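Submitted below is the structure of interest, expressed as structure tokens.
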Amino acid sequence: MAYQVDFKEVTPVGLASSPVKDALAGLRANEARYFWNKYRHVFVTRTVAEDPETVPWVDQILAERDLHFPYPVLEVSRFEEAGTKFADVFYENGLVVSVMYALDAAGKRAVGFKLADGMAVPVELADKFKFARQKSKLAGTIRGSYFVIKGTH
């Protein structure tokens, strides 16, 4: 079921099975606020059944770094704005994978990892990435890292 994310009143709608559902809802709201402030884009998430193309596309990009996440996916978001494709995958354990992929080959292309407050760093990322911390009114402490996409996807 499509969910228009409200960044003024954070709710764990669609995230109930996550052990860090409130923090994950805060991360989702933080994403919604970012896209509203930057692009005036209303952030909408969907189930994988409603959008079966996003996870395989993100997995293809993650394969550049030999990354695969075996965690259940709760929601995804995908849209195009200002010549850039954006995708977010919200995993049950509290991990959020965000892709920014410029359609122009000279543009910015990167994958970001955000960890919900209260979750451990996934073993797939622990030895490969360092995580910076950022405070957020919506999400508490966000730990994040990223890598630049090199291939064409």
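The values are calculated or read from the model by the stated rules, or taken from the named source; none is laboratory data. None of the values given here were measured: they were computed from a predicted structure. No Cβ is skipped: glycine too gets one built from the backbone with ideal geometry, and neighbour counts run over all protein chains shown. Surface accessibility is based on the protein's heavy atoms, side chains included, excluding ligands, DNA and RNA. Shrake-Rupley method; radii C 1.70, N 1.55, O 1.52, S 1.80 Å.
Specify the longest stretch of the chain that does not include any exposed loop site, a site being one of the trypsin sites (Lys or Arg not before Pro) with a non-H, G, I, E, B DSSP assignment and at most 16 other Cβ atoms within 10 Å. Mind showing how you got there, number by number?
Details: sites that count: K8, R40, K108, K128, K130, K137, K150.
Answer - 41-107.
Just to be sure I follow the rule: in the chain, considering lysines 8 or more places apart or on different chains, how many pairs have Cα atoms under 13 Å apart?
Pairs that pass both the separation and distance tests number 5.
Next question. Expected output is a single nm value to one decimal: the length gained when fully extending between D22 and Q134, i.e. 0.36 nm times separation in residues minus the C-alpha distance. What is it?
On the way: separation 112, 0.36 × 112 = 40.32 nm, distance 1.71 nm.
Residue separation times 0.36 nm, minus the Cα-Cα distance, leaves 38.6 nm.
Can you send over the carbon and sulfur percentage of the accessible area for the range 16-81, probe radius 1.4 Å, protein chains only? Don't skip to the end; give the middle numbers.
Working: 1650 of 3310 Å².
It is 50 percent, rounded to a whole number.
Here's another thing I want to ask about it. Residues of the chain: accessible area per residue at 1.4 Å, in Å²?
Working: 7970 Å² over 153 residues.
Normalised by residue count, the accessible surface of the chain is 52 Å².
While we're looking at this one, here's another question. Between R40 and T152, with labels modelled 7 Å along Cα→Cβ, what's the label distance in nm to one decimal, could you check?
So the label points at R40 and T152 sit 3.4 nm apart.
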